[in-house]
Amino acid sequence: MLEHKINLQVPLEILNTDNQQNISISILRLDKINPLISGNKYFKLKYHLSDAIKKNKNHIVTFGGAFSNHIIATALAANLANLKSTGFISSYDTTINSPTLQKAKALGMQITLIDKSLKQSRANIMQRHDESDFYWINEGGYSELGVLGSKEILDLVNDLSSYTHIISAVGTGTTIAGLLSKASSHQHIIGISSMKGNHTLQQEIFSLLNTSTTPNNLTINHNYHFGGYAQYNSELIQFMNHCWKQYQIPTDFVYTGKALFAAFDLVEKGLITPNSKILFIHTGGLQGNISLPKNLLHFV
Ligand SMILES: *Cc1c(COP(=O)(O)O)cnc(C)c1O
């Protein structure tokens, strides 16, 4: 259904990493799918929408922040599927009207702000607002249906088995769970966590995959959060500007900028074996850069 409206012809771009170790980084540009349903969000949403339609639910309801990639992607996906949508936006500023929320509203999403300081549980909000035509999607699309869609990301790569490493940014872990279940056991899957010290992540990934044993080809790296979720410093911004100037690769400061920084840093520090072939998944999210001060980035 969404397939007919979304362009999945995404290029694979190969970077010369200028190293002596003969390591290449190929970037799967999922950011090019669509500026709003960008990157991994398309894959995480597609089976939720078809499930909603199957169950005769015509109103998609979900949670997110005021600059959330998931919110804007859900707004457009629901719009394209002719479904209603509502976003519960958790914010300390209960009057916030970010560009992301304005666009979501323009796409027909009803926005309900919830006061973050009240620390209301999701379950409580769901209980109070549940209506019979509502189809609830977890924040960030965390679910087995999200994993099912994320498995299809690697179908876009022709010579998949030639890659020794697959690197991606991680939020809820849904995308990396999909990558892991599609990849072969000889491929190292490295997830770069966008949060600081999110040590329940591994468990959450196993629970999505219905496994209790650690797949030994998965590593979650917690060292590249740059101060925490949606935090940044000048080193990160400089790196993102460098990637734009050098390779014309735009990245976002919450996920892909940090993950690509990590990929280069791991190579530079000799933590990736020589002659490796890295597949980097550009998970999109560029719209979130709108929350940065103007002129910080040399691209938009
Ligand atoms: C949402 C998002 C992620 C995180 O994906 P998960 O499946 O939640 O781990 C990574 N990158 C970008 C650009 C995102 O928008």
Does the stretch 150-177 hold any residues that are in a strand (DSSP E or B) and under 11 Å from Thr283 (Cβ atoms), and which are they?
-> Ile167, Ser168, Ala169, Val170
Subset of the stretch 178-189, residues outside any helix (DSSP H, G or I) and more than 13 Å from the ligand (Cβ to nearest atom), comes to Ala183, Ser184, Ser185, His186, Gln187, His188
Output the number of the condition that Gly140 fails; it satisfies all remaining conditions of (1) closer than 23 Å to Ser38 by Cα; (2) touching a strand residue (DSSP E or B) at 6+ places or on another chain (Cβ under 7 Å).
-> (2)
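A quick yes/no check of all residues on (1) closer than 21 Å to Phe63 by Cβ; (2) within 18 Å of the chain's Cα centre (by Cα):
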site: Gln127; (1), (2): yes, no
site: Asp133; (1), (2): yes, no
site: Trp136; (1), (2): yes, no
site: Ser143; (1), (2): yes, yes
site: Tyr163; (1), (2): no, no
site: Gly178; (1), (2): yes, yes
site: Ser185; (1), (2): no, no
site: Lys196; (1), (2): yes, yes
Candidate set: the stretch 190-199, residues that are more than 12 Å from the ligand (Cβ to nearest atom) and at pLDDT 95 or above; chosen: the one farthest from His225 (Cα to Cα) = Ile190
Filtered residues of the stretch 117-155 (kept if of a type in the set (A, V, I, L, M), over 19 Å from Ala52 (Cβ atoms) and within 16 Å of the ligand (Cβ to nearest atom)) | Ile153, Leu154
Could you give me the residue pairs with C-beta distances under 8 Å whose first residue belongs to the stretch 208-225 and is in contact (Cβ under 8 Å) with a residue 60 or more places away in the chain and buried (at least 17 other Cβ atoms within 10 Å of the Cβ), whose second residue is in a loop (DSSP other than H, G, I, E, B) and aromatic (Phe, Trp, Tyr) wherever it lies, and which are 6+ apart or on separate chains?
-> Leu208/Tyr142
Restrict the check to the stretch 112-121 and report whether at least one residue is in contact (Cβ under 8 Å) with a residue 24 or more places away in the chain and out of contact with any strand residue (DSSP E or B) (no Cβ under 9 Å at 6 or more places or on another chain).
-> yes
Residues located in the stretch 73-89, provided they are assigned to a helix (DSSP H, G or I) and touching a strand residue (DSSP E or B) at 6+ places or on another chain (Cβ under 7 Å) = Thr74, Ala75, Ala78
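Within the stretch 36-72, can you find the residues that are within 14 Å of the ligand (Cβ to nearest atom), assigned to a loop (DSSP other than H, G, I, E, B) and closer than 16 Å to Asn138 by Cα?
Narrowing the stretch 36-72 to residues within 14 Å of the ligand (Cβ to nearest atom): 36-48, 62-65, 67-72.
When the remaining residues are screened for being assigned to a loop (DSSP other than H, G, I, E, B), the result is 36-39, 65, 67-68.
The answer is Gly65, Ser68.
Every residue in the stretch 190-204 that is part of a loop (DSSP other than H, G, I, E, B) and not aliphatic (A, V, I, L, M), please.
Once the filter is applied, which keeps residues that are part of a loop (DSSP other than H, G, I, E, B) and not aliphatic (A, V, I, L, M), the stretch 190-204 yields Ser194, Lys196, Gly197, Asn198, His199, Thr200.
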Within the stretch 136-153, residues being at pLDDT below 95 and basic (Lys, Arg) number 0
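The values are calculated or read from the model by the stated rules, or taken from the named source; none is laboratory data. The model shown is predicted, which means the values in this text are computed figures rather than measured ones. Ideal geometry is used to build each Cβ from the backbone, glycine not excepted, and the neighbour counts take in all protein chains shown.
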